[in-house]
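Questions regarding the structure given below will be posed in turn.
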Protein chains: 2
Amino acid sequence: MKLTIKDIARIANVSPTTVSRVMNGKTEYVTQETQERVLKVIEETNYQPNQIARSLVTRETRTIGLVLPDIRNPFFTELSRGIEDYANQLGYFVILCNTDHKSEKEIQYISLLKDKYIDGLIVVSSLENPISHIKKITTENTPIVLIDHKANDEEINCVYFNNYQGGYLATKHLIDLGHKNIGCITGPLHVQSAVERFNGYKDALRDNNISFKDEFIFQGNYRYEDGIESAKYYKSIGVTSIFASNDLMALGANQKLAELGVKIPEDISIVGLDNITPIGISDSFLTTINQPFYEMGKTACSLLLDQLKGLIQTNKNIQFDATLVLGKSTAHPKK
Amino acid sequence: MKLTIKDIARIANVSPTTVSRVMNGKTEYVTQETQERVLKVIEETNYQPNQIARSLVTRETRTIGLVLPDIRNPFFTELSRGIEDYANQLGYFVILCNTDHKSEKEIQYISLLKDKYIDGLIVVSSLENPISHIKKITTENTPIVLIDHKANDEEINCVYFNNYQGGYLATKHLIDLGHKNIGCITGPLHVQSAVERFNGYKDALRDNNISFKDEFIFQGNYRYEDGIESAKYYKSIGVTSIFASNDLMALGANQKLAELGVKIPEDISIVGLDNITPIGISDSFLTTINQPFYEMGKTACSLLLDQLKGLIQTNKNIQFDATLVLGKSTAHPKK
DNA sequence: CTGTTAGCGCGTTCAA
DNA sequence: TTGAACGCGCTAACAG
């Protein structure tokens, strides 16, 4: 049979309250003596308080919910470790929910997790209008952090990556190497991040007096296969370099181009974006733009816990910078 | 302010007990009429019962703990999705804890999660003697499933992969292709799975009258880098094929051998084990042995939940079979 | 400094 | 068929 606070109290010859006080460090009003006596009993009996009962009265579960599309996606794996490491360090547990990019699943999970079960919520949303949706199903007082989304004003806490800067830096790198014919594999252009990356590409060209050419654009969908598909096209039109809007497509293009006998980077330079480090690819092969997933997760979690503890009141928008990671997939164009 | 069962009772003009009965489907003794009235109020007020309070009396949290070394490892990512999909489908949440292969962290997590917070536990242990350790910190009645471990008798529920068969099949495949000089990159031989895979290799040779040669063995540590390191050695001693005890090492060896000008599979065939499908590697390149991570997770979870619900009493050991997955990294040896 | 009382929000007797 | 009373194990308010 499990021991309760009453048992400990009886054995230590004190009241349950005193035991509670000792456990919770409210030791200011407890004699050194009784304190030691209680601690000894707790130690000896290996007593652990019932968290459920405790939560019922304190109204905190020390558990946060993490809702994301799919943990198998390397971004989210890394992100989740950032979140979990931070949370666990502060004594919080993390409940993980995969939505598979489905709105119904996302809404259902959030609704289930809601304010009764968790202290806070971190969401990588797949909804069209996440803020209004999520605010509808959660209550005022549930702290929330949105990842990969940017809010207006201080509606909600947001942590996101500067996608525009990512596209800009990637393209600028190619320009700096001397490239003028620069292809761009875009992401799905109904998605914000893809548009921003694309805008970065366009502005980098403009700022360096290189004219934008429609035929250099290949619309992809962020998938490895899109990179594969683009390869034949780019080989045929003769660009000297390619900016792929994410690493998956960059690697796909690289793979297929190599198969087609195109030398990377001698014939065509490739730069990606995200800096996922897939197993089995020699490190530092791909030149890319780093997106600090782990750090973003950590920051999201710290933002959440700070709010939870009342350390901050206002919501924040925190943007993470893009940085260039040099690899072996880019070089000067051939003369 | 949050609504409680009392509020609903008052609004519907019944007692809290009746509301409780309606919510829990104990409707046998409730008039159709009152039932509808209560349901209507619940609907209108969007009332959701407090799970904490409920858990305090029912003694179930509908939450399970998942303790594993590192979610970033593709095996565990896949495994966790198998577990989560199954759990969520049945209305359970999953709390994820990464131990980074550290015994202290593992013990600490399990101890924290313990029987008060969760209904059951799934563990991929890094402990030397997981069963005795884990049984010590958990109580009798906490259902537990161990993954990647095999128990004697019915001490505990276990789900594991037939590593021996994996090593055997991989080696047999090379033999069937006509190879006689077959290298083996082993895993860390203080780990059970590595020993079993190695034994599979040895027995496959023996059963086919190929003598075991010490110089064909390269001891690795399951890391990509070990594969890289082994390449030079294998090139120098002139094997025609290599069985790598996991895919990571297989891919490492492949990478380095290619750089050294060795053609795969013409000069050297490579077969791996695990069937992880790393992003950026063309699908089906590597010939390997499939380990069904997702299925194993699902099975582990179903085992746990069955036990939770009292559907099964005895503990089970469930073994998963190895299957060959043909890729492009193996071929007949040159004459 | 310590203990008594009350109550968190539910499910579960037991009596009506 | 319904409801009043009790208790799950704990913390908080108030006395002493």
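Bear in mind that the values in this text are calculations on the coordinates, not laboratory data. Quick caveat, the model's predicted, so the values are computed rather than measured. Cβ placement follows ideal geometry from the backbone for every residue including glycine, while neighbour counts extend to all protein chains displayed.
Mind scanning B:256/B:328; A:105/B:6; A:2/A:40; B:213/B:235; A:136/B:2; A:309/B:114 and naming the pairs with a C-alpha gap bigger than 21 Å?
A:105/B:6; A:309/B:114
Please list the equivalent ellipsoid semi-axes of region A:210-273, computed as the square roots of five times the alpha-carbon gyration tensor eigenvalues, in descending order and whole angstrom.
They are 15, 15, 11 Å, listed largest first.
Further, regarding this structure: Which order do A:97, A:301 fall in if you start with the one that has the fewest other Cβ atoms within 10 Å?
Fewest-to-most ranking of A:97, A:301: A:97, A:301.
Same structure, new question: Treating the angle as unsigned and between 0 and 90°, give the value, to the nearest 10°, between the Cα long axis of helix B:192-207 and the longest Cα principal axis of chain B.
40
OK, next. Please list the non-local residues whose amide H lies under 5 Å from the amide H of residue A:185, H modeled 1.01 Å from N, same-chain partners needing a gap of 5 or more.
Amide H neighbours of residue A:185: A:218, A:243, A:244, A:245.
Follow-up question, since we're still on this one. State, as an integer percentage, the relative contact order of region B:163-291 based on alpha-carbon contacts under 8 Å between residues 6 or more apart.
So the answer I get is 26 percent.
I need the P(r) histogram for region A:5-49: all alpha carbon pairs, bin width 5 Å from 0 out to the longest distance, whole percents.
5, 27, 40, 22, 5
Give the separation of the Cα centroids, region B:231-302 to region A:39-103, in Å.
Using only Cα atoms to place each centre, the spacing works out to 36 Å.
For A:274, A:247, A:203, what ranking results if the residue with the fewest other Cβ atoms within 10 Å of its Cβ goes first?
Lowest to highest Cβ neighbour count: A:203, A:274, A:247.
For residue B:260, which inter-copy label distances result when the label point lies 7 Å beyond Cα on the Cα-to-Cβ vector, reported in nm to one decimal and in ascending order?
Distances to the matching label points in the other copies: 3.3 nm.
Per the helix-only calculation at 222 nm, which mean residue ellipticity applies to chain B, given -39500 (n - 2.57) for every DSSP H run of n ≥ 4 and division by its residues, nearest 500 deg cm²/dmol?
Calculated from helices alone, the mean residue ellipticity at 222 nm is -14000 deg cm²/dmol.
Shifting gears a bit: Applying the Karplus parametrisation 6.51 cos²θ - 1.76 cosθ + 1.60 with θ = phi - 60° to the phi angles of region B:66-71, what ³J(HN,Hα) value in whole Hz is obtained for each residue in order, glycine and proline being reported as x?
10, 10, 8, x, 7, 4
Which whole-number percent of Cα pairs in chain B have a distance greater than 34 Å?
Every Cα pair in chain B considered, those over 34 Å come to 41 percent.
What angle, in degrees between 0 and 90 and rounded to the nearest 10, separates the Cα long axis of helix B:163-176 from the longest principal axis of the Cα atoms of chain B?
40
Projected onto the charge dipole of the protein assembly as shown (+1 at Lys/Arg Cβ, -1 at Asp/Glu Cβ, origin at the Cα centre), which of A:285, A:190, A:149 gives the Cα projection farthest towards the positive end?
The residue sitting farthest along the positive end of the dipole is A:149.
While we're on this one: What does the charge count around residue B:40 come to, taking other residues whose C-beta lies under 15 Å from its C-beta (Lys +1, Arg +1, Asp -1, Glu -1)?
Here the charged neighbours net out to -3.
Tell me which trypsin sites (Lys or Arg not before Pro) from region A:187-234 have a DSSP coil assignment and no more than 16 other beta carbons within 10 Å of their own.
Listed in order of number, the matching sites are A:213, A:223.
Report, by chain and number, residues whose modeled amide H sits under 5 Å from the one on residue A:320, excluding near sequence neighbours (fewer than 5 apart, same chain).
It is A:160, A:161, A:162, by chain and number.
Give the long-range amide H neighbours of residue B:329: residues separated by 5 or more places, or on another chain, with amide H under 5 Å away, using H modelled in the peptide plane at 1.01 Å from N.
Amide H neighbours of residue B:329: B:287.
Okay, next question. Put the label 7 Å from Cα along Cα→Cβ for residue B:135; what are its distances to the other copies, in nanometres, shortest first?
Copy-to-copy label distances at residue B:135, shortest first: 5.5 nm.
Could I ask something else about it? Summing +1 for each Lys or Arg and -1 for each Asp or Glu, what net charge is found among the other residues whose Cβ lies under 12 Å from the Cβ of residue B:9?
Taking every other residue near residue B:9 into account, the sum is +3.
Got the residue A:206 label distances to the other copies yet, label 7 Å along Cα→Cβ, in nm, shortest first?
Output for residue A:206: 7.3 nm, nearest copy listed first.
Let me know the charge dipole size of region A:1-82 about its Cα centre in debye, to the nearest 20, where only the beta-carbon of Lys, Arg (+1) and Asp, Glu (-1) is charged.
Around 240 debye, computed over region A:1-82.
Right, something else. So what is the orientation-averaged projected area of region A:163-291, using the convex hull of its C-alpha atoms, in nm²?
6.9
What list of ³J(HN,Hα) couplings, whole Hz, do you get for region A:212-221 from phi and the Karplus terms 6.51, -1.76, 1.60, once you set θ to phi - 60° and write x for glycine and proline?
6, 10, 4, 5, 7, 9, 10, 7, x, 9
Give me A:211, A:111, B:193 sorted ascending by neighbouring Cβ count inside 10 Å, so fewest comes first.
Taking fewest neighbouring Cβ atoms as first place, the list is A:211, A:111, B:193.
Based on the Kirkwood radius over alpha-carbon pairs, what value in µm²/s does the Stokes-Einstein equation return for the translational diffusion coefficient of the protein assembly as shown at 20 °C and 1.002 mPa s?
The Stokes-Einstein estimate is 76 µm²/s.
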